[in-house]
1. Looking at (1) surrounded by fewer than 21 Cβ atoms within 10 Å (Cβ to Cβ); (2) under 15 Å from residue 164 (Cα atoms); (3) within 10 Å of the ligand (Cβ to nearest atom), which is the one condition that is false for residue 55?
2. Which one is farthest from the chain's Cα centre (by Cα), of the residues in region 38-57 that are in a loop (DSSP other than H, G, I, E, B), modelled with pLDDT of 95 or more and of a type in the set (D, E, K, R)?
3. Kindly state which strands (runs of 3 or more DSSP E) lie completely within region 80-139 and contain at least 3 residues that are within 20 Å of residue 163 (Cα to Cα), aromatic (Phe, Trp, Tyr) and within 14 Å of the ligand (Cβ to nearest atom).
4. Taking region 122-143, which residues are surrounded by fewer than 19 Cβ atoms within 10 Å (Cβ to Cβ) and either more than 12 Å from the chain's Cα centre (by Cα) or among the hydrophobic types (A, V, I, L, M, F, W, C) (or both)?
5. What are the pairs, 6+ residues apart or on separate chains, where a residue within region 26-45 that is free of Cβ contacts under 8 Å to residues at least 24 places away in the same chain has its Cβ under 6 Å from a residue that is in a loop (DSSP other than H, G, I, E, B) and surrounded by fewer than 19 Cβ atoms within 10 Å (Cβ to Cβ)?
6. If I go through region 58-79 residue by residue, how many of them are more than 8 Å from the ligand (Cβ to nearest atom) and not in a helix (DSSP H, G or I)?
7. Of the residues in region 35-49, how many are touching a strand residue (DSSP E or B) at 6+ places or on another chain (Cβ under 8 Å) and more than 8 Å from the ligand (Cβ to nearest atom)?
Amino acid sequence: MVRILNYKSSSGGMSKRWYQENKRDPWRRDAKSKGYRARSAYKLKQIQEKFGIIRKGDYVLDIGCHPGGWTQVAVEEAGESGKVIGVDLLVTSPVEGATVLVGDITNDSTIGEIAREISGGALNCVISDISPRLTGRYDTDQAISLELSTMALDVASDLLVPGGGLCYEGLPRSGDRRPC
Ligand SMILES: C[S@@+](CC[C@H](N)C(=O)[O-])C[C@H]1O[C@@H](n2cnc3c(N)ncnc32)[C@H](O)[C@@H]1O
């Protein structure tokens, strides 16, 4: 489908400090040992426990799904009668039980592809922790994150059933301590 970006850092790889910190991270280790691709899987699990946003049989769209942690959890929650579609700029390795697309959510062709996947029907739930390629300038990153969240909201309003759910995580405003 559309654009694929290379998310490698300008130095060509992860810093030693980043690597050591991540190796020590207990959530990351636990996620890995349980077969989840990212520690973010636990974030969605906690949201699910608290709000029950995904129900068995739901049609779910995961916007910004790479490497697939949220998609894996969505598949567990929607069950075999449900359908989970993930989309990302980056190629996501196949997730069992889900359909993963490569595409830019800001492109109409990507929305068309998603609509085809649900045969012109509707979604029950849209989940997203889409995030831009960070520049390190907080205001810029926050503005792009806000724009992406608006896109997720647009997609949700177009494709959700009435009363369907949207769960979005974006960069907090500077000064806020928790993600919005
Ligand atoms: C924090 S990661 C998602 C992690 C994922 N939810 C998981 O649990 O594995 C944010 C993702 O948003 C994707 N992204 C950023 N802009 C996008 C766009 N315009 N369309 C689709 N995906 C985008 C990035 O490629 C990145 O993989």
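The values are calculated or read from the model by the stated rules, or taken from the named source; none is laboratory data. The model shown is predicted, which means the values in this text are computed figures rather than measured ones. Reconstructed Cβ throughout: ideal geometry from the backbone, glycine too, with neighbour counts over all protein chains shown.
1. Tallying (1) surrounded by fewer than 21 Cβ atoms within 10 Å (Cβ to Cβ); (2) under 15 Å from residue 164 (Cα atoms); (3) within 10 Å of the ligand (Cβ to nearest atom), residue 55 fails exactly one: (3).
2. Restricting attention to region 38-57, the residues satisfying the condition of being in a loop (DSSP other than H, G, I, E, B) are 38-39, 52-57.
Narrowing the set further to residues that are modelled with pLDDT of 95 or more leaves 52-57.
Subsequent filtering for residues that are of a type in the set (D, E, K, R) retains 55-56.
Working: 55: 18, 56: 19 Å.
The selected residue is 56.
3. none
4. Of all residues in region 122-143, those surrounded by fewer than 19 Cβ atoms within 10 Å (Cβ to Cβ) come to 122, 131-143.
Residues satisfying the conditions are 122, 133, 134, 135, 136, 137, 138, 139, 140, 141, 142, 143.
5. Taking only residues 6 or more apart or on different chains, the pairs are 27/39; 28/39.
6. Matching residues across region 58-79 total 5.
7. The initial filter retains those residues of region 35-49 that are touching a strand residue (DSSP E or B) at 6+ places or on another chain (Cβ under 8 Å), namely 44, 47.
Add one more test, that the residue is more than 8 Å from the ligand (Cβ to nearest atom), and what stays is 47.
Result for region 35-49: 1.
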